[in-house]
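Shown next, in structure tokens, is the structure this report addresses.
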Amino acid sequence: SSDDPERSSDQSPQRQLTPEDREQIRKEKLTLLQVFRGFAAFHILLGHYFSGCAGNQVLVEEVSTGYPHLDSFLRWAMSQLSFFFLLSGVVLALSHGYTKESIPRFILSRFLRLYPVYIISVL
């Protein structure tokens, strides 16, 4: 109302978001999460490459002694794996538009898809 002391005269009332607005916001968030996921994946790739996994031990020793900050950055890369997997789950949920009602069904379908393969692989 016009006699509301909390609202100044230069503030416009907030409009309700339309479904199209919500979808646009979801897509923008998804894009940003994909960018973070890409950086994490690249960081993991560098960590694997410089950890000696690729048979490049001379390069690994050179990085360790000549560039201590780079060495710390590369050693931290392995912690990015958890971040990558967590973010992948969020991206998966957002990209498929899961709701609170559909999450139990999703969990059950993932379990039924993955658990039999897991059991076979450990036998």
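The values are calculated or read from the model by the stated rules, or taken from the named source; none is laboratory data. Source: prediction; values computed, not measured. Every residue, glycine as well, gets a Cβ built from its backbone with ideal geometry; the counts of neighbours run over all protein chains shown. Side chains are part of the model used for accessible areas, which takes the heavy atoms of the whole protein and leaves out ligands, DNA and RNA. Shrake-Rupley method; radii C 1.70, N 1.55, O 1.52, S 1.80 Å.
To keep it simple, each residue is scored yes or no on (1) touching a strand residue (DSSP E or B) at 6+ places or on another chain (Cβ under 7 Å); (2) open to solvent by 50 Å² or more (accessible area, probe 1.4 Å); (3) at pLDDT 75 or above.
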| site | (1), (2), (3) |
| --- | --- |
| PHE39 | no, yes, yes |
| LEU45 | no, yes, yes |
| HIS48 | no, yes, yes |
| ASN56 | no, no, no |
| GLU61 | no, yes, no |
| PHE85 | no, yes, yes |
| ARG105 | no, yes, yes |
| LEU123 | no, yes, yes |
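For GLN80, the criteria (1) at pLDDT below 85; (2) part of a helix (DSSP H, G or I) hold in every case but one, which is (1).
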